[in-house]
Structure formats: structure tokens, C-alpha cells
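Remarks on the structure that follows.
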Amino acid sequence: MKQQTTLLQFLSLLFTSSYQNHHSTILVSAQSSAPLSSGKAVPSVLAQQEGEEHCSVDGSCYFDILNDDSSDDSSDSGDEDEQEEIDPHLLDSLSTSLSTSTSYLPLQTLERTHLQTSHPTALNYTLFHSGNYSDNTKAGSSQWIGSINAQIAKRPQYTTFGSVLDIVTSGAAGGRQPTLQWLSSLVYRKELVQYHGEMNNEDEEYIKPCRIDLLDDHDEDPFRKRCILGVTLEEYVSVVSDGLNADAEKVGEKKRVWAVEQVDGLGISGRGEVVTLLDQVEQGKKFDTVIVNGLPIHNTEEVDLKLEHLVETYLKPGGVMYVFGEGPLINVEHNENGPGEQVFGEILGLLNSVKSLFGVHPEKPSTASFLHRTISRLGLNVVTSTTFPTPYTFDDVTSYLEEAVEWIDEMDTTQQRVSQEMKRSYYQLCSDLLYRVEDLKEEGYEEVYTGGYEYMIAAQLPNNNSDDDGGEEEHAVLPTVDTPSPYTPKEKYRADRDPNVEQLQFPPLAPGVLETYKWANGDPYDGLSARIGIPPQLKDTIIAYAKGLGIWDIILNTMEPENQMRPDSTKILTVASPYSGQNFTWSVKRPDNFEGSSSDMHWFDIADEAAHEEALRALAKGGFDEVLNAIGTYLGLDNLVSFSIGILAVTKADKGYVHVDFSKSGKKAANFLVNLQTPGDDPELTVIEEDDVGNRRRAQVKYSNEFGILNGDDAMHATNECNHRATGGVRITASIFLSQLEEASLKQVAEHDKYYFPFGNMDWIWSQRGRHWNKDGTASMMNDKGRQPFEPVDTIEGCEDRVGENKEECMVHGEVRMNCYKTCGFFKDDGEYRPGEERAVVSPELPF
């Protein structure tokens, strides 16, 4: 007996360690997905829609909700402002459960089904119109869909389950479906979309609700790279017991107390209630959605009666019923040869053997096929019926061993059928099997296929009610499925990233005139990008300055193939002013080839404040005030400043790096390109536009002496493919960054690229604000009064020792140069700079 007690303690230790309007829906779990994008259109009032609805003559509709990109928050619902602050830990927990819980997949399929029943024609509409632009002209990409059925994070569309009845029946297998947590995720679905938490860091884009056609919904990428299904609920009633067992009320009350604690912790107690028994639900109340989590086993007649009662008593006409459950487990030893499956089969056999001594025989849950047929016989249309293989963790497997030990503990050896030796043998079998489980875990096995499955069945109750005029009300007829089918992972949509080249409209431009991009068919370009007519002297003035500085020759020499720098390297140059003879620094960097790009582009940039100030005078001499006035006036800005100046050079580009210079600056930061030299007749710039799922439009721009290119928020562009090495030519372009500086956008502007001057120094950038143009006409480059007072500060300690005896480390691109601002002398002292005075007075030797 002592040996038996020790074994039990050993086993015990191991076990311990181990909307407005919404349609009605009943949840019944049993799965088999069917395309719901055909049939008559469901009325659009089923969705909470912010955008504009468009319908075709065939009755199919889509929502264009990208037609208003306003960033004004004033139109947001006042109700959201009155909501209590939500615990971020709760949102993190819900985000994690949506992304990692193995039980979420059937619920996710449920959500997809709900969206498909709400928008049955959405996918077909999208696919039918793909390859065409808004005016029905042929698109450059055969897959282009533009803004049709797209979502935006600012004012997305959500579909509601309405009122939900959640029933945990006596047949629920261990409560594997976490419906309470899922209900909480529905209540807070909008907040999850907009929340920056563990799953969505601040430097990542807001997670968006999936498109209503679900084209961007898939199972391939991690959660943080996917959309969230845009579904919510209005209210819920959760029933913890269906009242079928003799002790249902007693057991159910304990479950109810536990469930109340759960809903309090999940923050949804104010949106619904928890009751013990089904008959405690408000009499006569019907629900838009009914979720049935598990059904009675053995008694098929009881299943019929149960479902019939639920449909007749609780489901609204026109609603959909979703039923969840688990199919029977199979002794998989005979159909799976894996060691984990073999051990599970033996454990399952042991448990059934022990229970048979008590007269308890293996339970046979209802199959998905049986439930599917039963629901159909009740007159419901089964629109989805899907099964999911059930992978068990080894903790799940040992739980069956734990249950076996509990049954063994109850064996009475005084009875004739059970001997002490038999009981001891059962304990020994448990111990042996547990050792085998632990060995498999050490060998790296993680999951076991039990041969069983979970299922989710969605069925719609036809609505035969008459309308107010006595006629029959018209309702959507959704397509049905005949039998359950295994779940197939949803594949990711493969966007067309290499479309045919299109043309842009490029009429002649006068100096100082700004014209935004338009595609040849008249569609506006969706980023902030434009051509601006430049003064005739601007290009020649910049070239003359670069040559006088010596930078022009340095560019030509550096771009010789044998002299080019390795990718992702930087060096510092000392040059002499052609105006004052003063020495200052420029830098040259060859950037890395990002995201599969291949180019020998080099960047040549000013590298200290003296160089910056002198370059500004060259721009002023070239008439850059006309360009600034065109930009500021068109965008309705208050002021502008040019805060960074550089030159780009390239001789060969096999594939340009598609990128944007700015995004979400509120159209207050941009880059302006002025071509200085081009060795051929081919276009120099690629222009890209993307639709909501990543299909691209592509155009090419041929630079001209008449205009420069403005690239602002979301203006996707790249260096066009070229190869000038055979002729020794070099494509050279001036790059000027400018902005209306505001505290809200300062960080984004400063961190655009910290490698070059001013190294992301926000204090210096902030001191530049408004100096080169304002809407009152009192600021310009010609009468520039310089920056505001600024005192440079070293941002690391020990700079006097770090820079070296002759400050040689200041000429090496690295930590010292980028942090020892004051010691290296990159910024002018205010006494020398004289803030607030016109530059013509401070530096009369410079051109004005």
C-alpha cells in the first residue's frame, strides 16, 4: 500500500506540473465553408456603413469608403468620447487570444460567415470590376480594384451580430470554445482595431478591419500583419446550463457565479447578463444570433427537440444559427503511426477500460453530418458547415490520464469485480504511459492528432413575415451547402506588383505653377505628388554652385564604376566655398539596396550649418521662392522652410527602391527634385500607386528643364531602371526637403533620416520654422532672417576626449560625429550666426 501511495503522489505532482439594423443569427457549431458571394443581395442596412453605397443594375452593391480621406475627427460619434477608459492589459489579452488561441479558428470562421451573409455579393462585385478603373477603362493591372469595398482605419465599417444568446449546453466538451472571451472581443472589436498595444506597436500601421469582401483576410501571415474581422455585437445573454441534467440548476449556479466573475474581468458586464438556466431568459425575447456550444450526446431525439425549441423560441425570423461542438474521438492507433498518436490511443483505451468497470461506456457525441441533416430538416438553410481537425497538446493528453487516476481512486477493492492487484496494475499503466508522454515532450513533440474534430454549422431561418402592406417582404436567399467539409486554410491574396506602364497627363507648365499628378484616363493620383514649374535660372544656378564648390567634380569622379563606394557606407568631405573661401563639410553615402532593389545611387549632402546656409543662398539666387510659394499656396499652409539639401547621382539601376518620403505628416512635409543632368532620353522616375490590397499602377516621368517634382505624403516613387555606364553618363538630381514645422510633426520630420546633417536634432530643426515662406508674404529666401536662437549640446559625455586631438573623429561617420554637436562645431554659435538678422547683412559676401 505504501508503494501505491507513493505512485499516486508521483502522478499527482506530474499532473500538477504538467447597428442600427442587423440580421438575426443562431450559432450552431459544425463546419464546412461555402462561398456566400452569390445569390440575391442582402439589404445594405445590415451593416453600419460610413461610406457611400453603389449598386449595379443586377442588384449587387459595394461601398466606397475611401472617398473621404479627411483627418478631421469632429465627425466621430460622441458616444465614443463618453466611453470609459479601457484597461490596456485587457486589450492586449484579447489581441493575444485572437492571434494565438487554437480555439479561435472555428469562431473566426463564424465571423467570416457572418460578414459573407451580410455582404453576399461583395466579393463577386469586386472581382467582376477588377482590371478596370473608376471610369471602366482598362487598368494597367488585370487585378486593379481601387477603393471598391476597401476599409480605412479612420472610419471603418462594422457589421453587428446584434443581440446574442450564448448557450453552453450539457454536451459541451470541457468548454473548449472560449465564448465569453470571444464575446468580449466583439464588444471591444473597434477598440482593438485602433489600440496600439503589444500586437500593434506605435511604429507600425494601425490594424484595419478586413475588407467587406474579405479579400485581405487570410491565414498565412502572423496576426499583426493581418486585418481584424469587422464584427461587433449589441447585447448578449449567456446561459451556463441548458437544464437537461437532473442537477443542472445546482451545477449551473456554480458555473454562473464563475461566469459572472469572468465577464466582470472581461469588462462586458454592462453589455449583457449571465443566467443559470435557459428558461430564465426573458420570456418572449428573441435574438439576432444564437450560439449553441455543444449538444446532448447519445439521445438523437433529444437533439432534435433541443434544436427545434431553440429555433422556435429564441431565433428571430431571417436569423442565422451557429452551432459549435466536437465530433467523436477515434482510437487513432489504427490510422496514425506517429508515437504521440499511439500513446494517446493507449491512454484513451485505458480510460474507457476503467470507466467500463463502473458501467460507464464510451460516449459518442453527435457527428457534424448528423447535426447538419437535423438542422436542414428543421427548415433552416445551412450556409456553412465546416469541420476542424483537433490537435491536442500533451497537456490535453495527460488530462485523460488524470481523469483515469480519478476513476481508479474510486475503485472499491472489496467488490468482487475489482482486486487490489487490478487497481495496482492500472496505476502502473498510468505511470508507464505518463513516462512515455514525458519522453515524447523531451523529444520535441508538441501536438497529437486525436482523430476527432470540432465543427461549426451556420444555418439561416427563412423569414416569411409579411410587410406592412400585406405583401410578402423580400429577403436575401443565401446559398446552401449539402454536407460538412474539412476546413481549408484561407490563402493570401497575391497582388500584381508589376503592372504595365501607364501615362500621366503632363501639359506645359509656367514657372510657379503647381499641377498634381493625373493619370491619362483622368483619375487623380492618390498620393501628394505634383509637377511645379521652375524659374529658368534655378537649374543653372544650382549647377554653377555645385561646380564652384567642387562637389560636381567629386560626384563625377565618385560615380566612376571603379571609385564607387560599397553599399551602406558613408564618408565625409571637406570643401571650400566659392563665395567666401570658408571650409565646410559635405557627406557622401551609398545607401543599402532595400527590399530587393539594385542601384548604384549615391547621396551627396550638406554636413554642417555653414554649408547649409550657403546652399540656401544658392537656392535663393535661383528663384526658389517661386517654388515655395506654389507649394504653400496650393496646400494652404501657414509657412515653409527648406531644412535639408542634397544631390542624388546614379549611373546604373536594375531595380529602383519603391518608397515614400513622408506619410501622415498632414501634407506638411515633402521632398522636391530638380534634375541637373540626365545622359539619355529614357524616363528617370517611376511613379507608383497602390490599391487597398497591394495591386499597383505604374507610370514613368521624364525630367524636364521646365519643372521639378514634389513628393509628399504617400507619394510612392523610385529611381527608374537605367544603365549609363557604357557612355560614362551620370544622372544627377538636386533633392530639397521642406516642411511646415509643427510640434505634432516635428519628430517625423527629424527622424526621416538621421544619417546626414542635422542628424535628427529636433531643437535645431525647430529653430528653422517658418523662415523661408509664409502666407502673409513677409518671409522668403530673398529676405531670409535666419533661424531662431539655438544652443547646440553634445548628447554623449566625454566629447572633448572622444573627438581626438585634431578632432579627426568628427570627420568619421559614427557615434562621435552624430552626437558631439557642439564639440565638433557643426552648428554656428549664435554670436556668429546672429539670429533674426537678414542674411544679406550677416553674410554680404554670399549671393543675394
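For the range 799-846, the fraction of 1.4 Å probe accessible surface lying on carbon and sulfur atoms is 42 percent. Taking one quarter of the surface of the C-alpha convex hull of the range 732-812 gives a mean projected area of 8.1 nm². Within a straight-line Cα-Cα reach of under 18 Å, LYS589 can be paired with the following lysines, leaving aside sequence neighbours fewer than 8 residues apart in one chain: LYS571, LYS652, LYS754.
Considering every pair of different Cα atoms, what Kirkwood radius, in Å, is found for the range 502-583?
Details: mean 1/r = 0.0603 Å⁻¹.
Across the range 502-583, the inverse of the average 1/r is 16.6 Å.
Taken per residue, the accessible surface of the range 363-413 reaches 40 Å², heavy atoms only and a 1.4 Å probe.
A convex hull fitted to the Cα coordinates of the range 565-657 yields 140 cubic angstrom per residue. The magnitude of the dipole of the range 573-650, with charges of +1 and -1 set on the Cβ of Lys/Arg and Asp/Glu and taken from the Cα centre, is near 200 debye.
Considering the convex hull of the alpha carbon atoms of the range 549-618, report its projected area averaged over all viewing directions, in nm², one decimal. Can you show the working numbers first?
Values: hull surface 20.7 nm².
For the range 549-618, averaging the hull's shadow over all directions gives 5.2 nm².
Calculate what fraction, in whole %, of the accessible area of the range 647-758 sits on carbon and sulfur atoms when a 1.4 Å probe is rolled over the protein chains. Percent of accessible area from carbon and sulfur atoms in the range 647-758: 44.
Give me the accessible area per residue for the range 733-848, probe 1.4 Å, as a whole number in Å². Walk me through the numbers on the way to the answer.
Working: 5730 Å² over 116 residues.
On a per-residue basis, the range 733-848 sits at 49 Å².
On average, how much accessible surface per residue is there in the range 544-585, in Å², for a 1.4 Å probe, leaving out ligands, DNA and RNA? Kindly include the intermediate steps, with their values, before the conclusion.
On the way: 2090 Å² over 42 residues.
In whole numbers, the range 544-585 has 50 Å² accessible per residue.
The apolar share of the surface of the range 342-381, taken as the fraction of accessible area on carbon and sulfur atoms (1.4 Å probe, ligands and nucleic acids excluded), comes to 50 percent.
In the range 769-824, the convex hull through the Cα atoms has an average projected area of 5.4 nm², a quarter of its surface area.
Summing Lys, Arg as +1 and Asp, Glu as -1, what charge do residues with Cβ under 15 Å from the Cβ of TYR579 carry, TYR579 excluded?
In short, +1.
The values are calculated or read from the model by the stated rules, or taken from the named source; none is laboratory data. Because the structure is a prediction, the values reported are computed rather than measured. Glycine gets a Cβ as well: all are built from the backbone with ideal geometry, and neighbour counts include every protein chain shown. The accessibility values were calculated without ligands, DNA or RNA, using every heavy atom of the protein model including side chains. Shrake-Rupley method; radii C 1.70, N 1.55, O 1.52, S 1.80 Å.
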